[in-house]
Amino acid sequence: MKIVNYDKRYEDSWLRCRLLAYFYSAFYEDVETEKPVSNQTSIELVALEGDQVIGLLDMIVDDESNKLTFLRSEKGAFIQTIAVHPDYQKQGIAQKLYDEAMERLRTYEYVQFIELYTRDDQAANTFYEKQGFEKTVSYFDVFGVEKGIRKPVSVKPGNGEVIAESGGERVGFALVDSVYEVFDEESLAEIDHDRAVPVYGYVKTL
Ligand SMILES: CC(C)(COP(=O)(O)OP(=O)(O)OC[C@H]1O[C@@H](n2cnc3c(N)ncnc32)[C@H](O)[C@@H]1OP(=O)(O)O)[C@@H](O)C(=O)NCCC(=O)NCCS
């Protein structure tokens, strides 16, 4: 195993490693399909076994262009991601990535502190506490929808189409478990979204 700087040629392997590591954590829904690129100063490391990424660490360093940290007024560094492929966990790889990042961070003498956010995974919390991090703030990531926004919608099969109604009126979309089902192109424009995935229903007539 060796630790090197991230390079674009590792992107697919980087994404797979992150996906698998996050799959077994409280971040399981947090999927990246492209490696996030920062235009700020950063330390981006990968642990390689052959040319397969088995661990990764991304740290963004506050610089003249931007300050990403906000828990203290001084300049700091922000750990964006640490992940180790599940088949290689508990072998000291995260520790080695972290130690290497700390070594490189020394170059930036003005950096006063490191900030990061994680969820309630024991592995990550124990890891950070072991490095001397202290819990400073706490909040919740909540996946839902504000009360009062959801309309009661009933969906029924029409003649070759889906008919959605609310209060006796036909509607173009329904919010189902925090995901909108949109029934026509016009209604798509009514929804603020960054992803629209086609869904196809099939019928087999016997
Ligand atoms: C957190 C994570 C990166 C640790 O990677 P790792 O390579 O297995 O960690 P290491 O083997 O270097 O362990 C270093 C220390 O972390 C702690 N630790 C790691 N895994 C742990 C676990 N499953 N339970 C409790 N503590 C754990 C221990 O203190 C360990 O030191 P020790 O071996 O002397 O007890 C890994 O579990 C992971 O990828 N988790 C999913 C992604 C994630 O939650 N990332 C953090 C959010 S950004």
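Quick note: the coordinates plus some simple rules give every number you see, no bench work behind them. Since this is a predicted model, take the numbers as computed values, not measurements. Backbone-built Cβ (ideal geometry, glycine too); neighbour counts: all protein chains shown.
Observations, loosely collected:
- 14 Å beta-carbon shell around Asn125, net charge (K/R +1, D/E -1): -1
- Among the listed pairs Lys2/Lys35; Lys2/Lys90; Lys2/Lys75; Lys35/Lys135, those with a Cα-Cα distance over 24 Å are Lys2/Lys75; Lys35/Lys135.
- Taking label positions 7 Å along the Cα-Cβ direction at both Gln112 and Asp51, the computed distance is 4.5 nm, reported to one decimal.
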